[in-house]
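Novice: I'd like to ask some things about the structure below.
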Amino acid sequence: MIRMILRQFRIQALVAAILVILAAIYLVHLGRDVSAARDTSQLPSQYGQTMLFLAAGFGLVPALIGAFWGAPLIARELETGTHRLAWNQSVPRRRWLAVKLTVLGLASMAVAGTLSALLTWAAAPVDQVAGDRFSTILFGARGIAPIGYAAFGFTSGAVTGLLVRRTLPAMALVFLAVIAAQFVVPNLLRPHYMPPERVTVPMSADTINQARMLGSITGGPVVGGLEIPDAWVAYTSKLLTSDGRQLSDAAFNECFNNAPKTGATGKFGEIAVCLGKLDLHVDMAYQPNRRFWLFQWIELALYLGFSALLAAVGLWRIQHRVS
Amino acid sequence: METPLLLRAKRLTKRYGRRAALTECDLAIPRGHVVGLVGPNGAGKSTLLQLACGLIEPTSGTLSVLGSRPAANAAHLARVGFVAQDTPVYASFSIADHLKMGAWLNPSWDRALAKRRIAAVGLDPAQKAGRLSGGQRAQLALTIAAAKRPELLIFDEPAAALDPLARKGFMRALVEFVSELGASAVLSSHLLSDVEQVCDYLVVLCNSRIQVAGPVRDLLASHHRIAGDPAKMPAGVEVIWTEHGRALVRDNAAVRDGAAARDAEPATLEELVLAYMSRAAGTVAAPHASATVSR
């Protein structure tokens, strides 16, 4: 059975092996460059962009595994009719699917685990200085969570192929679904794995100047990109006045357009000084960095659990509802 | 203990949405037969055979093959060989790869038999299956199904897409396999000519229902063509179809002597099948229906 799987899978395996080796060579080079840097304090500004770029690219790995390994697994057999040949050998088709999902699922997890280990190692000095590996994007490109993404990508591909029964639509569908999951989970689920710590931060002019953006878009004045040391900020409220109410647009615009000239030099200049005098604050929710590995395990378990659920659907479906 | 039947169907029904592919079929076929399943395209032949090899499940009713549920487990899968319609093979695999696959996936695989058959039909083991002709591909599919030494071989329209020469070669190989393995076989065809040369048991399937089933010898003995008014037949004689003033009737031993006295001629298998198909279609044997049983 396993020899048959390897024989059927050899071209996809070969292509993947080449890509993984190329990526590994690049990551080893990157890791050497990073660890050779003399002035570690400069690392974030030097490599921050690269790390974000790599993390985003790494997010495609489970989608690619789902589309090119998972989706064709059953869909191609159904499309070419060879399932009628394969399933009449002396292997019950439920076992046929279970073994395929296990062997190739483990291979997917090994690929993602290898790449993640290399990337985590290469980025470690940068992460240490920047302290942002818990951030929304980088989190998914570090540690063990990517192993879960790969398992999910592969099983959802295989099961979608079984349900859709056509290779190309299944590939497209899975690619989009896996990408979508990587937006949904970090933004909607991950902040709630554990109750966040909460803090009220007074908005002095200095604090405001540390924000990335300041503005009044829809529904009230906001301050964006405020950071808390050693933590992943999961939520920042709107600008609140001392009685806990939202700062009015009128008051905000007054500061924004007609701030008294003070010659302040901060990022937001006189606006920050003007707002700082209004005794404002924001409520923030955050996950402290010490929870990083706990969250990695939770996310891995979540994705593995969902993969197991999908596999169960596939195993049921292949027995009862094919042809 | 009684040996289990080859095929046992009880009120077997399969629906695809609202369309019935098989309706309340009852069958009890003993082992040791080569069974021909004939009927027009769309009659439900493929459905019946796919149910028999466990690729699909019945909507209602039951079907047992060699005494157990189709494809019940690995051991049962090993006892039934299936050659699907259009004889699917892996295009990127060579013939040798297919034989390796057979050996990997079937504990009962007969390596020597497979090799000998491939050589006997003149196939090059190194050739990719995607480049085989229809006849060669059918021979490969037949070899894969037979080399696991099943007790029952099932063929779904195996020769439908083949030219006459390839068809002849395929049918000969089929008969050779069946006798070498001592296996039973079921093959479907919309061409009676494929079936009547090799089968000793016949099932006629039209409009999702079984019209008639039985050993060929018994069917021939109990069906006659007679002249005369179908309305005045003696009791025990069933008129199947009337055309040009002659009726094809089913009788039994008790009335056979009487029927013989009434200018009865034995019916050929072709006439018999055509009569049942015509009755099912509810029309005069149209050119289409005749074409389906012409040689």
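Read-outs throughout are calculated quantities, based only on the coordinates presented, and are distinct from any laboratory measurement. Remember, predicted model here, so these are calculated numbers, not experimental data. Here the Cβ is made from the backbone with ideal geometry for all residues, glycine too, and neighbour counts use every protein chain on show.
Novice: Given chain B, what percent of its DSSP beta bridges are antiparallel, to the nearest 5? Don't skip to the answer; put the middle values down first.
Specialist: Numbers: 32 of 49 bridges.
Antiparallel: roughly 65 percent of the beta bridges in chain B.
Novice: In addition: Would you kindly calculate the mean projected area, averaged across all directions, of the convex hull enclosing the Cα atoms of the range B:5-211, in square nanometres? Mind dumping the intermediate values first?
Specialist: Details: hull surface 42.9 nm².
Quarter of the Cα hull surface area: 10.7 nm².
Novice: How big is the Kirkwood radius of chain A, worked out from every pair of different alpha carbons and given in Å to one decimal? Walk me through the numbers before you get to the answer.
Specialist: Working: mean 1/r = 0.0444 Å⁻¹.
For chain A, the Kirkwood estimate is 22.5 Å.
Novice: Could you state the angle between the C-alpha long axis of helix B:134-146 and the longest principal axis of the C-alpha atoms of chain B, as a value from 0 to 90 degrees rounded to the nearest 10?
Specialist: Relative to chain B, helix B:134-146 is tipped by roughly 80 degrees.
Novice: State the extension gain, in nm to one decimal, for the chain segment bounded by A:Ile217 and A:Lys277, taking 0.36 nm per residue of separation less the distance between their alpha-carbons. Please list the in-between numbers first.
Specialist: Details: separation 60, 0.36 × 60 = 21.60 nm, distance 2.18 nm.
Difference between extended and current length: 19.4 nm.
Novice: On to the next question. Take every Cα-Cα distance within the range A:1-158, group them into 5 Å bins from 0 onward, and report for each bin the whole-number percent of pairs it holds.
Specialist: Reading the bins upward from 0: 2, 9, 17, 19, 15, 11, 9, 7, 5, 4, 2, 1, 0.
Novice: Nothing charged except the Cβ atoms of Lys and Arg (+1) and of Asp and Glu (-1): what's the magnitude of the dipole of the protein assembly as shown about its Cα centre? Round to the nearest 20 debye.
Specialist: The dipole magnitude comes to about 1060 debye.
Novice: I've got another one for you. Scattering from the C-alpha atoms of the range B:1-107 alone, worked out with Debye: what is log10 I(q)/I(0) at q = 0.13 1/Å?
Specialist: -0.58
Novice: Can you give the log10 of the normalised intensity I(q)/I(0) at q = 0.20, 0.23, 0.27 Å⁻¹, computed with Debye over equal Cα scatterers of the range A:253-307?
Specialist: -0.76, -0.90, -1.02
Novice: Now a separate question. Give me the extension gain from B:Ala28 to B:Ala75: residue separation times 0.36 nm, minus the current Cα-Cα distance, reported in nm with one decimal.
Specialist: Details: separation 47, 0.36 × 47 = 16.92 nm, distance 2.26 nm.
The B:Ala28-B:Ala75 span can extend by a further 14.7 nm.
Novice: Given a 10 angstrom Cα cut-off, can you work out which residue in B:Asp194, B:Asp26, B:Asp156 is the most mobile in a GNM of chain B?
Specialist: Of B:Asp194, B:Asp26, B:Asp156, the most mobile in the Gaussian network model is B:Asp26.
Novice: Still on this structure, please answer the following. Under the definition of Cα pairs under 8 Å and six or more residues apart, what whole-number percent is the relative contact order of chain A? Don't skip to the end; give the middle numbers.
Specialist: On the way: 446 pairs, mean separation 71.7, N = 323.
Relative contact order, chain A: 22 percent.
Novice: Tilt of helix B:95-105 relative to the longest C-alpha principal axis of chain B, in degrees (0 to 90, nearest 10)?
Specialist: Between the helix axis and the principal axis of chain B, the angle is about 90 degrees.
Novice: Cα convex hull of the range A:204-279: how many Å³ per residue?
Specialist: Here the figure is 94 Å³ per residue.
Novice: Most mobile of A:Ala177, A:Ala37, A:Ala231 per a Gaussian network model of chain A (Cα springs, under 10 Å)?
Specialist: A:Ala37
Novice: Among DSSP beta bridges lying fully in the protein assembly as shown, give the percent that are antiparallel, nearest 5. Walk me through the numbers before you get to the answer.
Specialist: Numbers: 49 of 66 bridges.
Bridges in the protein assembly as shown are about 75 percent antiparallel.
Novice: What are the residues whose amide H is under 5 Å from the amide H of B:Gln211, where those residues sit 5 or more places off or on another chain and H is modelled from the backbone?
Specialist: Excluding prolines and chain starts, which carry no amide H, the hits are B:Val204, B:Leu205, B:Cys206.
Novice: Further, regarding this structure: Using unit Cβ charges (K, R positive; D, E negative) and no other charged atoms, how large, in debye to the nearest 20, is the dipole of the range A:1-82 about its Cα centre?
Specialist: Values: 6 positive and 4 negative charges, 58 e Å.
For the range A:1-82, the charge dipole is close to 280 debye.
Novice: Between the range B:30-75 and the range A:22-55, what is the separation of their alpha carbon centroids in Å?
Specialist: Taking the Cα centre of each part, the range B:30-75 and the range A:22-55 sit 63 Å apart.
Novice: With the Cα gyration tensor of the protein assembly as shown in hand, convert its eigenvalues to equivalent ellipsoid semi-axes via √(5λ) and list them largest first in whole Å. Walk me through the numbers before you get to the answer.
Specialist: Working: eigenvalues 1085, 163, 64 Å².
Semi-axis lengths for the protein assembly as shown are 74, 29, 18 Å.
Novice: For chain B, take the longest principal axis of its alpha carbons; what is the angle in degrees between that and the long axis of helix B:111-120, to the nearest 10 within 0 to 90?
Specialist: Value to nearest ten degrees: 70.
Novice: Among the trypsin sites (Lys or Arg not before Pro) within the range B:1-67, which fall in a DSSP loop and have no more than 14 other Cβ atoms within 10 Å of their own Cβ? Show your work: numbers first, answer last.
Specialist: Details: sites: B:Arg8, B:Lys10, B:Arg11, B:Lys14, B:Arg15, B:Arg18, B:Arg19, B:Arg31, B:Lys45; in loops: B:Arg18, B:Arg31.
Here the trypsin sites (Lys or Arg not before Pro) that fit, given the DSSP loop and packing criteria, are B:Arg18.
Novice: If you wrap a convex hull around the Cα atoms of the range A:88-225, how much volume per residue is inside, in Å³? Intermediate values should be presented prior to the final figure.
Specialist: Working: hull volume 24.4 nm³, N = 138.
Residue-normalised Cα hull volume stands at 177 Å³.
Novice: I want to verify a result. In a Gaussian network model of chain B, Cα cutoff 10 Å, which of these has the top mean-square fluctuation: B:Met101, B:Met171, B:Met277?
Specialist: B:Met101
Novice: If you don't mind, another one. Lysine pairs in the protein assembly as shown 8 or more apart or on different chains: how many have alpha carbons under 13 angstrom apart?
Specialist: Within the protein assembly as shown, the lysine pair count is 4.
Novice: How large are Rg and Dmax for the range A:14-55 when only the alpha carbon atoms are used, in Å?
Specialist: 12.7, 41
Novice: Run the simple label-point estimate for B:Asn207 and A:Val184 please: 7 Å along Cα→C-beta, distance reported in nm.
Specialist: Between B:Asn207 and A:Val184, the simple spin-label model gives 5.0 nm.
Novice: Follow-up question, since we're still on this one. Using all Cα-Cα distances in the range A:140-182, what percent lands in each 10 angstrom bin from 0 up to the longest?
Specialist: 30, 49, 18, 3
Novice: Here's another thing I want to ask about it. Have a look at A:Ala312, A:Gly57, B:Pro40 and report the one farthest towards the positive end of the charge dipole of the protein assembly as shown, computed about the Cα centre with Cβ charges (Lys/Arg +1, Asp/Glu -1).
Specialist: Selected residue: B:Pro40.
Novice: For the range B:102-205, what percent of Cα pairs sit more than 21 Å apart?
Specialist: Values: 1797 of 5356 pairs.
Taking all Cα-Cα pairs of the range B:102-205, the fraction more than 21 Å apart is 34 percent.
Novice: Which helices of chain A meet both criteria: a Cα extent of 20 Å or more along the helical axis and a mean Kyte-Doolittle score no lower than 0.0, with helices taken as whole DSSP H segments? Write down the numbers at each step before the final one.
Specialist: Details: long enough: A:10-36 (38 Å, 1.59); A:43-58 (21 Å, 0.64); A:93-130 (52 Å, 0.88); A:145-164 (28 Å, 1.33); A:167-184 (25 Å, 2.18); A:292-320 (42 Å, 1.09).
The qualifying helices are A:10-36, A:43-58, A:93-130, A:145-164, A:167-184, A:292-320.
Novice: Another one. Taking the simple approach of a point 7 Å from Cα along Cα-to-Cβ for both A:Val103 and B:Arg18, what is their distance in nm?
Specialist: 4.5 nm
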